[in-house]
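Inspection log for the structure reproduced underneath, given as structure tokens.
No lab work stands behind these numbers, since they all come straight from the coordinates. All values reported here derive from a predicted model rather than from experimental measurement. Every residue, glycine as well, gets a Cβ built from its backbone with ideal geometry; the counts of neighbours run over all protein chains shown.
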Amino acid sequence: MTSRPSKRRRVTPPREDGQDPGNTDAKTQQAFFKSAANWNLEQDYESRTRKSKKKEAKKNSSVAGGRLPVKTAQGTWQVQDDGNSIASDAEWLESEGDEGGIDEEPETVAPEEPKIPEREQIRRAQEELAKIATRLNEEPEEHPEAFKALARIGESPVPAIQKLCIVTQMTVYKDVIPGYRIRPASEDMAGEKLSKDVRRLRTYEQALVSGYHGYIKTLAKHASSPATEDRKGGPSLSTIAFTCACTLVNAVPHFNFRGDLLRILVRKLSGRKLDDNFLKCRQALETLFQEDEEGNASMEAVSLVTKMMKAREYRVDESVLNMFLHLRLLSEFVGKASQDKVSRPGDQPNGKKAKAKKEFRTKRERKLLKQQKEADKVMAQADATVSYEEREKMQSETLKMVFATYFRILKVRTPHLMGAVLEGLAKYAHLINQDFFGDLLEALKDLIRHSENTESEVNGEANGDEEDDELSVVRDSSREALLCTVTAFALLQGQDAHNARSDLHLDLSFFITNLYRSLLSLSVNPDLELGAKSLHLADPNDTSSGKPTSRRVNKINLQTTTVLLMRCLSGVLLPPWNIRSVPPLRLAAFTKQLMAVALQMPEKSCQALLGLLHDVIHTHKRKVIALWNTEERKGDGTFKPLAETIEATNPFTTTVWEGELLRKHYCPKVREELKAMEKELRSI
């Protein structure tokens, strides 16, 4: 057996002769102090790494903490640890001092990205927008995240990219929006167990609604920004935003956030600047009124417009108020309304509904009828159809808001809106409740009495307030008087004939007298046959306003003065509710005056007037024949065409001699109409 080798020990080298051990230590210490004087301790401390010791201490502590305790020979429990995990006092002090130091690593400066030219950015944006739009057009449900990608491209600071993005988003949403409103996702729906297809559809719908809401907010932000033209002469960002908003209002009025889109348009209509964006927004709302079949969108738009005008104290352009003339639902409404209530044909005079006759049904029939009503209700909801009752309710609310606006403007006498209000009342007068007739007629009479001073009032207000320069227009007092008369007679024409005779006791003699006195001045009116869209040169000698063309631009009444005059004369001479009750004196006075007026009118107006007289002669034969036959009548006094009242004109003391001049009229149609009227006279 081999023996274990002995352990070799390190032997201290022998000292040289004459060397003192104490002297050696003194020299070593002196050399140490000499070298220490050259040390740069601060630099050495600064360059020392600080994280390594802390990480190592944490590692040792974690290792120590992870070991199991061991029972020693004395009976105590102790955790074994390596010698490397025990730090010395100096190291512990250094670690304590290092905790207050800066442990952050020096920041690395990222290299600057090369600047991409703007043309290249636009090209890349076009390609990306085309890819995303193609994916959404082909399979929109498979790419719900594409809506956020489109919005992210629009965050570019380049204006051209922003324009491309909002136009692309408008096209995409217009194509992918379904024909129904999407309900918001509730917590109960989130916890339901759904199939894979249904969950995918709901995820897509919520992504669509969220992206569409963000897009409308973007449009509102761009629309409120100042309209600065592009450097290249293209449309501004706000102009494109208004175009997109108008397109969506007309394309998808049923979808979510319709109110936000309408607020963008109404906010523009509240301004005083009549630019292209203003006209665009107004035409969009007019199209919405004309094409709306359900009535919900029209009611919401009318509510916003009326609130805006009330907040602006009706200091808006008159074309904004004229939008109500395009409401399709009001022309189909059968009830009567005022500014605070609505009455329907089936209602009793005291407001109570008539009791329906009770029909006997068996228990089985009642059960089947109840099931049929529930099935019809479910089918109506599935088809998203609006019931007749709900549609009528929306029409009633819309009509009340329109009438409330008209009556407030009549009360405050806003000068530049009086023509629009009278035109609206003339169109919707058959829908006005009978309880409101008295107040309305008094307001119309008051307007006619003060019609002569309106132009001077408007000019005075325009000179005193610079802010109203764009709203001040030249008011046509004779035209407004005709509108008041049309409205007064339309109140009776819209009522039932039996009820009008028995229940209504309205005195319209004031309007008839005013119409008779205005015939001569209307016959020499140069704008008699000119409408709102007629093209004609302004009178260079017209100094009634600082804007000679304001009469043509601001004329909002859709009918010409001749048409209004014919409507008034038809209501006076041929009233449909009681055509036989017209007194002979009134018929004779108007017939004589109209024959004299026909000599001054243009050919079309003259032809229309002779046609009306032909109908009057055919209807009231024996009452007016005395004007052409002097042998079978007797009279005392002279004819007074300029009398204050019709009764004082004394028409039966004169003859209709104007027909002899009209036989030589230059227009052949006028001569033919006169021959037809004389033929009717010879047949009596």
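Please arrange Asp507, Asp317 by counting, for each residue, the other beta carbons lying within 10 Å of its beta carbon, fewest first.
On the way: Asp507 8, Asp317 23.
Neighbour counts put them in this order, fewest first: Asp507, Asp317.
Take every Cα pair under 8 Å in segment 585-684 that's 6+ residues apart, average their separations, divide by the length, and report that relative contact order as a whole percent.
Reported as a whole number, the value is 37 percent.
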Using θ = phi - 60° and Karplus 6.51 cos²θ - 1.76 cosθ + 1.60, couplings along segment 486-491 (whole Hz; Gly, Pro as x):
4, 5, 4, 6, 5, 4
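Between the DSSP loop rule and a limit of at most 15 other Cβ atoms within 10 Å, which trypsin sites (Lys or Arg not before Pro) in segment 222-299 are left? The partial results should precede the final answer.
Numbers: sites: Arg231, Lys232, Arg258, Arg263, Arg267, Lys268, Arg272, Lys273, Lys280, Arg282; in loops: Arg231, Lys232, Arg272, Lys273.
Sparse-neighbourhood loop trypsin sites (Lys or Arg not before Pro): Arg231, Lys232, Arg272, Lys273.
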Sorting Thr630, Phe652, Met677 by the position of each Cα along the dipole of segment 585-684 (Lys, Arg +1; Asp, Glu -1; all at Cβ), the one nearest the positive end of that ordering is Met677
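Apply the Kirkwood formula to segment 210-311: the hydrodynamic radius equals the inverse of the mean of 1/r over all pairs of different alpha-carbon atoms; give it in Å with one decimal.
On the way: mean 1/r = 0.0715 Å⁻¹.
One decimal place: 14.0 Å for the Kirkwood radius.
Output the peptides 363-370, 389-396 sorted from most to least packed, where packing is the average of other Cβ atoms within 10 Å over each peptide's residues. Walk me through the intermediate numbers first.
Values: 363-370: 10.0, 389-396: 17.2.
Ranked by mean Cβ neighbours within 10 Å, highest first: 389-396, 363-370.
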Hey, what do the phi angles of segment 156-168 turn into as Karplus ³J(HN,Hα) couplings, whole Hz, using 6.51/-1.76/1.60 and θ = phi - 60°, x for Gly and Pro?
5, x, 7, x, 5, 5, 4, 5, 4, 5, 5, 5, 5
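What value in Å³ per residue do you get for the convex hull of the alpha-carbon atoms in segment 118-269?
Numbers: hull volume 17.8 nm³, N = 152.
Spread over its residues, the Cα hull of segment 118-269 gives 117 Å³ apiece.
Any of Lys310/Lys427; Lys604/Lys669; Lys131/Lys280; Lys310/Lys400 with alpha carbons more than 19 Å apart? Name them for me.
Details: Lys310/Lys427 22 Å; Lys604/Lys669 9 Å; Lys131/Lys280 31 Å; Lys310/Lys400 15 Å.
Checking Cα-Cα distances, Lys310/Lys427; Lys131/Lys280 exceed 19 Å.
Going through the cross-link list Lys148/Lys174; Lys174/Lys268; Lys592/Lys621, which pairs have a Cα-Cα distance over 18 Å in this structure? Before the final figure, lay out the partial values.
Numbers: Lys148/Lys174 16 Å; Lys174/Lys268 23 Å; Lys592/Lys621 15 Å.
From Lys148/Lys174; Lys174/Lys268; Lys592/Lys621, over 18 Å: Lys174/Lys268.
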Regarding segment 565-664, what's the average projected area of the Cα-atom convex hull, expressed in nm²?
6.7
Trp657, Trp628 arranged by Cβ crowding within 10 Å, fewest neighbours leading
Trp657, Trp628
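Calculate, for Glu678 and Glu644, the FRET efficiency according to 1/(1 + (r/R0)^6) with r their C-beta to C-beta distance and R0 25 Å; round to the nearest 0.05.
On the way: r = 32 Å, r/R0 = 1.29.
It comes out at approximately 0.20.
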Mean separation of Cα contacts under 8 Å, 6 or more apart, over the residue count of segment 118-269: relative contact order %
25
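Provide the gained length on full extension for the span Lys367 to Ser156, in nm with one decimal, where the gain is 0.36 nm per separating residue minus the Cα-Cα distance. Show your work: numbers first, answer last.
Numbers: separation 211, 0.36 × 211 = 75.96 nm, distance 6.42 nm.
Answer, rounded to one decimal: 69.5 nm.
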